[in-house]
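Student: Let me give you the structure first, and then I'll get to my questions.
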Amino acid sequence: MSGNTLGKLFCVTNFGESHGPAIGAVVDGCPAGLPLSEADIQLELDRRRPGTSRHVTQRQEADQVEILSGVYEGVTTGTPIGLLIRNTDARSKDYSNIADTFRPGHADYTYWRKFGERDPRGGGRSSARLTAPSVAAGAIAKKWLAQTYGTVVRGYMSQLGPIAIPFESWDEVPRNPFYAPCASIVPQLEAFMDQLRKDGDSIGARIEAVAENLPAGWGEPLYDRLDADIAHVMMGLNAVKGVSIGAGFASIEQRGSEHGDEITPTGFLSNNAGGILGGISSGQPITVSLAIKPTSSIRIERQSVNRAGESVAVQTLGRHDPCVGIRATPIVEALLAIVLMDHALRNRAQCGAS
């Protein structure tokens, strides 16, 4: 299986399975001299960790990260950074009833058609459990970007199913399990999720990510456009079915006189471009919006087939997120930071300090 490495100069290789002994990442290309400890990484992993509220999977994983290499006496050495997260609460027996069948909407079917084999335990390699190593690697990128450029990468949930979440304050985001920027709407979100869990069903969500305080000039004008690489990595996140930059699909209805961000001596007057023009950062905040589909593992019986092609009814038991979007915000932030650090290093190599 290929396709497990992201980036060109800041490279992240992800490994492991949901119910294997461990998952992890190898981070290659981090410059030497960055102060880095397991606590720096653990802070981000704890934001994504399962079992932190009644609205997410109750799998109890500490997600305790171990730095195996690349750090000496508290700073990065410039060599590959090995990150390991041990799986400690896998319950493989929960998947015994779907070992020979395929969940509708899940990668079970396509993995089997491509490889002829699949690991049904927790979804194996296709599990959202594999986002933990991405968050660990993203923690390194977030710290380097902040230290080197003052760049801040953060995100929030803007919609849960049919419920739009108004943006009130960044201060509210870490105060609730939904990463919602509005305190008054949290009781409505909780009631919605409580009923959804009783129904045995799932729902989608919309996540926003914003990167601020980065210079103009990152990205390439054609095949390695910054927005193209952002869209590429975001579409690689489990359950993502749509990515937009800036005004996104709203630009369909905009006229050129409205969409084009006017420029004055003091800066831009709007940001419909989402901080990227012609594939290159403009110096404005980069804004990304993601559509996340409902979780495929639900208790409601649905039609499918088994390996023999026979019709069967599939019901997924065990511990699952009824909305994977609830824990997605730290993952989206991490992926955006990884792409930005990769492009920062590439721009530095090509253009120096200019």
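The values are calculated or read from the model by the stated rules, or taken from the named source; none is laboratory data. Please read all numbers here as calculations on a predicted model, not as lab measurements. So basically every Cβ, Gly included, is an ideal-geometry build from the backbone, and we count neighbours across all protein chains shown.
Student: Tell me which residues, restricted to the stretch 268-320, are within 30 Å of residue 347 (Cβ to Cβ), out of contact with any helix residue (DSSP H, G or I) (no Cβ under 6 Å at 6 or more places or on another chain) and part of a loop (DSSP other than H, G, I, E, B).
Tutor: 269, 270, 271, 273, 274, 275, 278, 282, 283, 284, 285
Student: For the stretch 182-211, which residues satisfy the criterion of being outside any helix (DSSP H, G or I), more than 18 Å from the chain's Cα centre (by Cα) and surrounded by 13 or more Cβ atoms within 10 Å (Cβ to Cβ)? Reasoning before the result, please.
Tutor: So in the stretch 182-211, the residues outside any helix (DSSP H, G or I) come out as 182-185, 200-211.
Cutting the leftovers down to more than 18 Å from the chain's Cα centre (by Cα) gives us 182-185, 200-202.
Correct list: 182, 183, 185, 200, 201, 202.
Student: Here's a check for you: in the stretch 110-157, which residue that is without any contact (Cβ under 8 Å) to a residue 40 or more places away in the chain and not β-branched (Val, Ile, Thr) is nearest to residue 326 (Cα to Cα)? Can you show your working first?
Tutor: Our first condition is that a residue be without any contact (Cβ under 8 Å) to a residue 40 or more places away in the chain; within the stretch 110-157, this holds for 110-111, 113-114, 116-118, 120, 146.
Next, from what is left, pick out any that are not β-branched (Val, Ile, Thr): 111, 113-114, 116-118, 120, 146.
On the way: 111: 26, 113: 30, 114: 30, 116: 33, 117: 31, 118: 27, 120: 24, 146: 25 Å.
For the stretch 110-157, the residue satisfying everything is 120.
Student: Shifting gears a bit: How many residues, within the stretch 273-302, are farther than 27 Å from residue 101 by Cα and basic (Lys, Arg)?
Tutor: 0
Student: Restricting to the stretch 125-161, and then to whatever is in a helix (DSSP H, G or I) and of a type in the set (Phe, Trp, Tyr), can you tell me which residue is surrounded by the fewest Cβ atoms within 10 Å (Cβ to Cβ)? Lay out the reasoning, then the answer.
Tutor: Pass one, the stretch 125-161, residues in a helix (DSSP H, G or I): 125-126, 128-149.
Filter again for of a type in the set (Phe, Trp, Tyr), leaving 144, 149.
Details: 144: 23, 149: 15.
Among those that are in a helix (DSSP H, G or I) and of a type in the set (Phe, Trp, Tyr), it is 149.
Student: Going through the stretch 212-243 one residue at a time, which ones are loosely packed, with under 13 Cβ neighbours inside 10 Å, under 18 Å from residue 287 (Cα atoms) and not aliphatic (A, V, I, L, M)?
Tutor: 241
Student: Out of the stretch 32-45, which residues are touching a helix residue (DSSP H, G or I) at 6+ places or on another chain (Cβ under 7 Å) and not in a helix (DSSP H, G or I)?
Tutor: 34, 36 - these are the residues of the stretch 32-45 that are touching a helix residue (DSSP H, G or I) at 6+ places or on another chain (Cβ under 7 Å) and not in a helix (DSSP H, G or I).
Student: Quick check on residue 248: is it on the phi > 0 side of the Ramachandran plot, modelled with pLDDT of 95 or more and surrounded by fewer than 20 Cβ atoms within 10 Å (Cβ to Cβ)? Explain how you work it out, then say what you get.
Tutor: On the way: on the phi > 0 side of the Ramachandran plot: yes; modelled with pLDDT of 95 or more: yes; surrounded by fewer than 20 Cβ atoms within 10 Å (Cβ to Cβ): yes.
Criteria met by residue 248.
Student: Considering each residue of the stretch 86-124, count those that are surrounded by 14 or more Cβ atoms within 10 Å (Cβ to Cβ), closer than 22 Å to residue 330 by Cα and modelled with pLDDT of 75 or more, and give that number.
Tutor: 2
Student: Considering the stretch 66-82 alone, what residues qualify as being aliphatic (A, V, I, L, M), surrounded by 16 or more Cβ atoms within 10 Å (Cβ to Cβ) and out of contact with any Asp or Glu (no Cβ under 7 Å at 6 or more places or on another chain)?
Tutor: Here is the first cut: in the stretch 66-82, the ones aliphatic (A, V, I, L, M) are 67-68, 71, 75, 81.
With surrounded by 16 or more Cβ atoms within 10 Å (Cβ to Cβ) added as a condition, the list becomes 67, 71, 81.
Passing the criteria: 71, 81.
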